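Engineer: Dropping a structure here in structure tokens format, bear with me for questions.
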Amino acid sequence: MALLARAATLAALAGCYSPDLRDCTVTCASSADCAGAQVCGTDHLCVQPAAAGTCARTAGDAPVAMPDGGTTDAPTPRDAAMPDAPGPVQLHLEVDGHGELVAGTQTCAMNCTYEVAYGVAIEIAAIAAADQRFDAWTAGPCLGSSIATCTVTPTANITVGAKFRKADH
């Protein structure tokens, strides 16, 4: 009965993070029965997507009531931490001409390399020096664009380059 009360509480919290949310502790018929970012695995237990279907039964685990009234074997609970994200990636900025690139709190006037978080969007602004103008992006996802801002979401080491030239007067 305590498990059913816990399942009801977790269902009410769907979409919210709960530090006591555990993989492999709540039975499910579909992902709608699971809380937060969990999904219903092929083993009918709520789990983070990367671990779906991997709940393993160990000796001493007791059967658990299913939402449809049946039972299933319950595995030993596991923390519902998201799979480890890759470590930081390298953002290399290249400046051709007289100007600078601003990426978050970093300013680069030549060639610079920074460690940035994997998968986190970063807006890079191209700022021309006096008597100069931004010409175009020369490397990266905005290659060829003449819009002075470029947003990148690095999932691997990446180079972003910009060209500046003398302003037409």
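Engineer: Does the range 131-147 hold any residues that are without any contact (Cβ under 8 Å) to a residue 24 or more places away in the chain and more than 26 Å from the chain's Cα centre (by Cα), and which are they?
Structural biologist: Result: 144, 145, 146, 147.
Engineer: In the range 9-34, which residues are assigned to a loop (DSSP other than H, G, I, E, B) and modelled with pLDDT of 75 or more?
Structural biologist: Within the range 9-34, 28, 29, 30, 34 meet the criteria.
The values are calculated or read from the model by the stated rules, or taken from the named source; none is laboratory data. No experiment lies behind these values; they were computed from the predicted model shown. Ideal geometry is used to build each Cβ from the backbone, glycine not excepted, and the neighbour counts take in all protein chains shown.
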